[in-house]
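The values are calculated or read from the model by the stated rules, or taken from the named source; none is laboratory data. Small disclaimer: the values here were computed from a predicted structure and weren't measured. Glycine gets a Cβ as well: all are built from the backbone with ideal geometry, and neighbour counts include every protein chain shown.
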């Protein structure tokens, strides 16, 4: 569809993150909409996922995470307003209000992202207690780390684990505290998290699981964190206990919020307003509730790849034929120190919570032939429902992302345990084992299935 086929209209985008700016730039290329973007962030077009690695020194500077200068977007014709809060959305009047000014829209995109969850721990507002969400946050943490010798990270999810590896890399005495019995519990099962914890400990990180800090202590500046009446000294604390959808603006406007805290949308990403989907509004990213493919339940996705896919759907629906955003498997991968971890589909924990009967297969292999120097361990866990692959977890020294991508497709294609047990793979001693451990994991699950029939 050519640009001149579109009637010029006003699009307002609230949020300048992965969804907001991707939609804005695509619309400038494929439509003649007038585009205004509002964001409370002082920066835009930067990689949030890269921040822990810049803090750890693997990336030269935090500024190198900025992919485009704000002026670039303004030169494209986008009215970009950083550091600007939208006070309210008037759905009936088809406008937003910011700093007392009214801005009408024909189409509205809500991509407000999420906000850090701050547990109700006494002392969380002390100096040198941080959260990591924006580039400004990262710069404050990076600067503060220059003058500390002891850091405590509260929260053992992917960000907390990545930050623990980063501070340890800077020769800072680091403690990671997680309330769950295992780290990365939102993503992988405890048996798969064990190698990751062992690797962090090998880097010098002290990992404490199964406890919630009682208090963060200090007069003005943090001095320690108390766990079970024991004070652990700290010059700096980073709270990485998760995020919640930034839904206040949408909720106050009358947009329906789901049980997950995310905005309820249809498959075209139109939000629900009093049970009716508003065809002139789109929502995407971490503020939005989506659905998981295996269970069908509502969930939140906090991975950048989901955000970019949603941005593509929104852009297409604003400029061309309608496209649907289907239920997701939410594939995820992380690099923690020198170990990779990834997951897709359901976990054993999810299956248990939903009373789903599963069969698992677990295998250990190597990233190279046994005789070739430099090989590293790799751990595979496959989860099957009625002989069909429904989940996969991979942890190891390499090849994790590639396997998770392939296994995500395998789940969507309803691949069976028999097919995976006899999977055809390539081989070269410096790159792989002769038989891929995915095949061994599938054979382990197949054996369990056969034994159950006897």
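Points to keep in mind about this one:
- The number of residues in the range 137-163 being under 17 Å from residue 210 (Cα atoms), crowded, with 23+ Cβ neighbours inside 10 Å and under 21 Å from the mean Cα position of the chain (by Cα) comes to 7.
- Qualifying residue in the range 131-147 (condition: more than 30 Å from residue 44 (Cα to Cα) and not in a strand (DSSP E or B)): no
- Enumeration of residues in the range 413-423 that are touching a residue at least 24 places away in the same chain (Cβ under 8 Å) and either part of a strand (DSSP E or B) or surrounded by 15 or more Cβ atoms within 10 Å (Cβ to Cβ) (or both): 415, 416, 417, 420, 421
- For the range 32-43, a residue qualifies if it is closer than 16 Å to residue 107 by Cβ and either modelled with pLDDT under 95 or surrounded by fewer than 18 Cβ atoms within 10 Å (Cβ to Cβ) (or both), and the qualifying residues are 32, 34.
- For residue 394, the requirement of being crowded, with 22+ Cβ neighbours inside 10 Å, at pLDDT 95 or above and in a helix (DSSP H, G or I) is not met.
- Every condition in (1) in contact with a helix residue (DSSP H, G or I) (Cβ under 9 Å, 6 or more places away or on another chain); (2) surrounded by fewer than 22 Cβ atoms within 10 Å (Cβ to Cβ); (3) assigned by TED's automatic domain parsing to the domain that holds residue 166 is met by residue 257 except one, and the failing one is (3).
- Each residue in the range 303-317 was checked for being in contact (Cβ under 8 Å) with a residue 40 or more places away in the chain and surrounded by 20 or more Cβ atoms within 10 Å (Cβ to Cβ), and 6 of them qualify.
Listed here are the residues, each with its yes/no results for (1) touching a helix residue (DSSP H, G or I) at 6+ places or on another chain (Cβ under 6 Å); (2) within 16 Å of residue 362 (Cα to Cα); (3) assigned to a loop (DSSP other than H, G, I, E, B); (4) not assigned by TED's automatic domain parsing to the domain that holds residue 387.
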| site | (1), (2), (3), (4) |
| --- | --- |
| 411 | no, no, no, no |
| 425 | no, no, yes, no |
| 428 | no, no, yes, no |
| 431 | no, no, yes, no |
| 434 | no, no, yes, no |
| 440 | no, yes, no, no |
| 443 | yes, yes, no, no |
| 446 | yes, yes, no, no |
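- None of 286, 324, 338, 292 is more than 28 Å from residue 184 (Cα to Cα) and either at pLDDT 95 or above or touching a helix residue (DSSP H, G or I) at 6+ places or on another chain (Cβ under 8 Å) (or both) except 324.
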